[in-house]
Amino acid sequence: MIRIHGIEFDIDWSLPIYKICDYNQDGKVDSEDLGVFLTDWDTDADRSDFNLDGIVNGTDLGFLLGQWAS
């Protein structure tokens, strides 16, 4: 609750937090997200290069699987 010039405002400062591997932002990492990831396999796609080494590969897959359905 914030009061400015005698007027009270109730402000929700929360923001949704999405996992980096949750492409469709539905709150879980699942087969839909894996499908998106696999389209980026062996490319330099920023959205799937989680460790920022310039290539989407098994290291990035391990990161995605670590967030799977959690």
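Looking only at residues of the stretch 45-70 that are open to solvent by 60 Å² or more (accessible area, probe 1.4 Å) and among the aromatic types (Phe, Trp, Tyr), we find that the one that is nearest to Gln25 (Cα to Cα) is Trp68. Can you find a residue that is modelled with pLDDT under 90, in a loop (DSSP other than H, G, I, E, B) and open to solvent by 40 Å² or more (accessible area, probe 1.4 Å) anywhere in the stretch 35-44? Checking the stretch 35-44: not a single residue is modelled with pLDDT under 90, in a loop (DSSP other than H, G, I, E, B) and open to solvent by 40 Å² or more (accessible area, probe 1.4 Å).
On the stretch given as the stretch 22-34, residues that are in a helix (DSSP H, G or I) and open to solvent by less than 50 Å² (accessible area, probe 1.4 Å) total 2.
The values are calculated or read from the model by the stated rules, or taken from the named source; none is laboratory data. This is a predicted model, so every value here is computed, not measured. Areas reflect the complete protein model, heavy atoms only, side chains present, ligands, DNA and RNA absent. Shrake-Rupley method; radii C 1.70, N 1.55, O 1.52, S 1.80 Å.
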